[in-house]
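A quick write-up on the structure given underneath.
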Amino acid sequence: MAAHVLVVGGAGFIGSHVCKALARSGRVPVTFDNLSTGYADAVRFGPLVQGEMGDAGQVAAALRRWGIGQAILLGGFIAAGESVGDPAKYYDNNVGRMIGVLRGLRMGGVGQVVFSSSAAVYGNAAATPIREGAPIRPSNPYGWTKAFIEQVLADFAGAYGLCAAGLRYFNAAGSDPDGELGERHHPETHLIPLVLDAADGRRPAIEIYGSDYPTPDGTCIRDYVHVADLAEAHVLTLDWLAGQGAGGMTALNLGIGHGYSVRQVVEAAERVVGRSIPVTYGPRRPGDPAELVAAADRAGALLGWRPRFPDIETQIRHAWTWRAAHFATAAR
């Protein structure tokens, strides 16, 4: 009988890709989501439980119903800029309600957890590429919420024997190479879909926030990792956790090991779509580090993880292909 895995936030962008990867591995993903930012039509690979993260009883009931022993925790708000203006929203959901999930996992007897963390825990890192041992000093409330839950998991590991891994994503990008799933946030905050919105006329231009950073072209540099590669890392992490004897919390970076500037992303998108993309410039956003690039060799050593789609043009092409099909379907 196939093992069931709870995926909190499985109706979202990364979560739906994780569910597909789990199904391909022979597991059954059980999505737990309130659909406030996710989509029911993205839940295609296992059952959907519509519930609230903060309700430990709902989480435990789902675990018992399917006999679940492993969980993947996504389901957080993700806009770093918004978190600066509305920190209460982020601490309430990403910390308070996530602790409710962890209480439910304890009630349901789950001993292995993969947590969706972020490179935002590093803030303005002193050196790049960034290794897992770099100081934890977030530059915005979003990053602090991820750091807090990593600490909670470490404390749960020490007190209750939990086996946990915090996957510190750098910038998730792309779409399902098969075209089944894609990225849709409302409002959209991620660079590549915003650039593609400007490319197809859904917005007048892409605004670049800050052109005076200490980088070669003055715009922020980020490490873009394909969402399908992120999804595969979750499956490999579950396998790795299953082989760990004692409890513990392990942090792993997920990135490709080099970065692209905002300007370079726009230029790559112009090559993919075959047209120029209008650009405007605005001031820096509060809390935006100049450069975030991963040293991800630890994930390679422990998990055997290797990104299949490290090229930025491939990532943009997959996103562009999905958008064309999605918007054509929506228009009918």
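The values are calculated or read from the model by the stated rules, or taken from the named source; none is laboratory data. Because the structure is a prediction, the values reported are computed rather than measured. A quick note on method: Cβ atoms are made from the backbone with ideal geometry, for glycine too, and the neighbour counts reach across all protein chains shown. Quick note on the areas: whole protein, heavy atoms, side chains included, nothing else; ligands and nucleic acids left out. Shrake-Rupley method; radii C 1.70, N 1.55, O 1.52, S 1.80 Å.
Odds and ends about this structure:
- For the set TRP240, TRP305, the ranking by accessible area, highest first and with no ligand, DNA or RNA atoms included, is TRP240, TRP305 under a 1.4 Å probe.
- Residues whose amide H comes within less than 5 Å of that of GLY166, counting only those at least five positions distant or on another chain, are PHE115, THR250, ALA251, LEU252 (H built at 1.01 Å from N in the peptide plane).
- Kirkwood Rh in Å, taken over segment 240-310 so that all alpha-carbon pairs contribute: 15.8
- Cα-only Debye scattering, segment 109-179: base-10 log of I(q)/I(0) at q = 0.13, 0.14, 0.17, 0.28 Å⁻¹: -0.46, -0.52, -0.70, -1.23
- Here is the size of segment 1-141 from its Cα atoms: Rg then Dmax, 15.8, 49 Å.
- Against the chain, whose longest principal axis comes from its Cα atoms, helix 98-108 is set at around 30 degrees.
- Kirkwood hydrodynamic radius of the chain, from inverse mean 1/r over distinct Cα pairs, in Å: 20.0
- Segment 191-317: radius of gyration and largest Cα-Cα distance (Dmax), Å: 17.3, 55
- Multiplying the residue separation of ALA324 and ARG203 by 0.36 nm and removing their Cα-Cα distance gives an extension gain of 42.0 nm.
- Relative to its residue count, segment 73-148 spans a Cα convex hull of 89 Å³ per residue.
- Multiplying the residue separation of ARG284 and ILE136 by 0.36 nm and removing their Cα-Cα distance gives an extension gain of 51.0 nm.
- Near SER117, once Lys and Arg are set to +1 and Asp and Glu to -1 for all other residues with Cβ below 14 Å from its Cβ, the sum equals +1.
- Under Karplus coefficients 6.51, -1.76 and 1.60, residue-wise ³J(HN,Hα) of segment 189-204 in Hz, glycine/proline x: 10, 7, 4, 4, x, 5, 4, 6, 4, 5, 5, 9, x, 7, 9, x
- Computed accessible area, HIS4, all protein chains, 1.4 angstrom probe, square angstrom: 30
- Rg in Å to one decimal, and Dmax rounded to a whole Å, for segment 210-271 via C-alpha atoms: 17.0, 50
- Hydrodynamic radius of segment 157-208 by the Kirkwood approach over all distinct alpha-carbon pairs: 14.0 Å.
- Net length available on complete extension from ALA61 to GLN244 is 63.3 nm, with 0.36 nm assigned per residue and the Cα-Cα distance removed.
- 5 angstrom amide H check on VAL49, placed H, neighbours 5+ away: THR31, PHE32, ASP33
- Residue-normalised accessible area of segment 71-196, given per residue in Å² at a 1.4 Å probe: 37
- Paramagnetic reach from ASN124 (point 7 Å along Cα→Cβ, amide N under 18 Å) across segment 206-242: 209-222
- The 1.4 Å probe gives accessible areas that order MET107, MET53, largest first, as MET107, MET53.
- The chain, accessible surface, carbon-and-sulfur percent (1.4 angstrom probe): 51
- Taking θ as phi - 60° and the Karplus parameters 6.51, -1.76 and 1.60, the scalar couplings of segment 15-27 work out to x, 5, 5, 4, 4, 5, 5, 5, 4, 5, 7, x, 8 Hz in sequence order, x denoting glycine and proline.
- A Stokes-Einstein calculation at 10 °C with viscosity 1.306 mPa s, built on the Kirkwood radius of segment 153-255 over Cα pairs, returns a diffusion coefficient of 95 µm²/s.
- Over all other residues within a Cβ to Cβ distance under 14 Å of VAL293, the charged ones net out to -1, with Lys and Arg as +1 and Asp and Glu as -1.
- Local electrostatic count, LEU181, Cβ distance below 11 Å [Lys/Arg +1, Asp/Glu -1]: -2
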